[in-house]
Amino acid sequence: MDKHFRAFVAVARHLHFTKAAEEIHITQPSLSLLIQQLEEKLRVKLITRSTRQVALTEMGKAFLPLAENVVLDMDSAVRHMRDLAELEQGKVTVAAFPSVAANQLPPILVAFRRRYPKVRVQVVDGIWNTVVESVRSGGADFGIGSRPPVMGNLSYQEIYNDEVMLLATEDHPLASEKSLSWHQIMEEEIIVLSPDTGVRQSIDAALDGTGITLKPIVEPALVQTAAALVSAGAGLGIILSSYLKAVRMEGLVAIPLEKPNIRRPVGIITRKDWVMSPAAKVMLKMAIDGLHEKPVVAATVIA
């Protein structure tokens, strides 16, 4: 009925069929037919027309503001959708591991914002369950994290692997080692992330059945907290390789851990039935491209 409402509003504005037809770019007979069909649909007479004059009936005058609101709402909806398609407005929500949100994601977000400054971006950074449930519930357009054990309505595309490494102070007896096995740190006091984090779950799964047991003394949720505890002398810590640039604390050494080498896969989590906005699709592509460029970081002294 959109074209019928537009036809009526045009006639009411000009009170002239020829001018109204020109405004909405149709022929005068087509305009007359639209008005006739609208009156038949409403079962009222909206316009009176003679050889000299076009006028609105009382019912036409009552209907005019309603028709104008419909046309305005339709125009606004069309502009809104065009803006969304052209990334002139909208919102994108990304859920990500803290390691990704703190390290890989910032340059991607900055690049996106520079290209599309009118699109709002929200980042949900949290532990594994938070990332997965944000995507599953529709709270996020997509997530960046480990593969969910129960996929359901989710899809997963692996991008890279984070290496689990040991964090020590420079004066620790093990700090000079080029690499260490997990057996070598079994008797050490360890600061390891809490059991509900993705990295801890990866560690527990990899060590299960190996006979290797750790002695956790503190189990924080964030790697930054673990690094601060190591720096304070609380013990050795477990860190992901992707955090080496973000944890900028003097006097700390990151050492590769072997036997087993534990890697945490990181990839894109999406919902199969989720229809992404144009802005979310662009952000997703930029995220995939940016994560593929993640550098491989060797053991190093964090400065």
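The values are calculated or read from the model by the stated rules, or taken from the named source; none is laboratory data. Computed from a predicted model, the values in this text were never measured in an experiment. Please note: Cβ atoms are built from the backbone with ideal geometry, for glycine as well, and neighbour counts cover all protein chains shown. Side chains included, ligands, DNA and RNA excluded: accessible areas come from the protein's heavy atoms. Shrake-Rupley method; radii C 1.70, N 1.55, O 1.52, S 1.80 Å.
For the stretch 5-14, the set of residues classified as under 46 Å from the mean Cα position of the chain (by Cα) and open to solvent by 20 Å² or more (accessible area, probe 1.4 Å) consists of PHE5, ARG6, ARG13, listed by residue number. Within the stretch 218-230, the set of residues being in contact with a strand residue (DSSP E or B) (Cβ under 6 Å, 6 or more places away or on another chain) and either in a loop (DSSP other than H, G, I, E, B) or surrounded by fewer than 22 Cβ atoms within 10 Å (Cβ to Cβ) (or both) comprises VAL218, LEU229. Among the numbered conditions (1) touching a strand residue (DSSP E or B) at 6+ places or on another chain (Cβ under 8 Å); (2) under 30 Å from ALA287 (Cβ atoms); (3) modelled with pLDDT of 85 or more; (4) open to solvent by 60 Å² or more (accessible area, probe 1.4 Å), the only one that LYS91 does not meet is (3).
For the stretch 15-44, the set of residues classified as under 46 Å from the mean Cα position of the chain (by Cα), closer than 15 Å to PHE63 by Cα and open to solvent by 70 Å² or more (accessible area, probe 1.4 Å) consists of LYS41 only. Reported count of residues in the stretch 40-71, each being under 14 Å from ASP2 (Cα atoms) and acidic (Asp, Glu), is 1. Is it fair to say LEU214 is at pLDDT 90 or above and over 16 Å from SER99 (Cβ atoms)? Spelling it out, it is not the case that LEU214 is at pLDDT 90 or above and over 16 Å from SER99 (Cβ atoms).
Among the residues of the stretch 94-126, those identified as surrounded by 15 or more Cβ atoms within 10 Å (Cβ to Cβ) and within 20 Å of LEU244 (Cβ to Cβ) are ALA96, PHE97, PRO98, SER99, VAL100, ALA101, ALA102, ASN103, GLN104, LEU105, ILE108, ASP125.
Every residue in the stretch 105-128 that is in contact (Cβ under 8 Å) with a residue 60 or more places away in the chain, under 22 Å from ARG271 (Cα atoms) and in contact with a Gly (Cβ under 9 Å, 6 or more places away or on another chain), please. Hits for the stretch 105-128 are LEU105, ILE108, VAL119, ILE127, TRP128.
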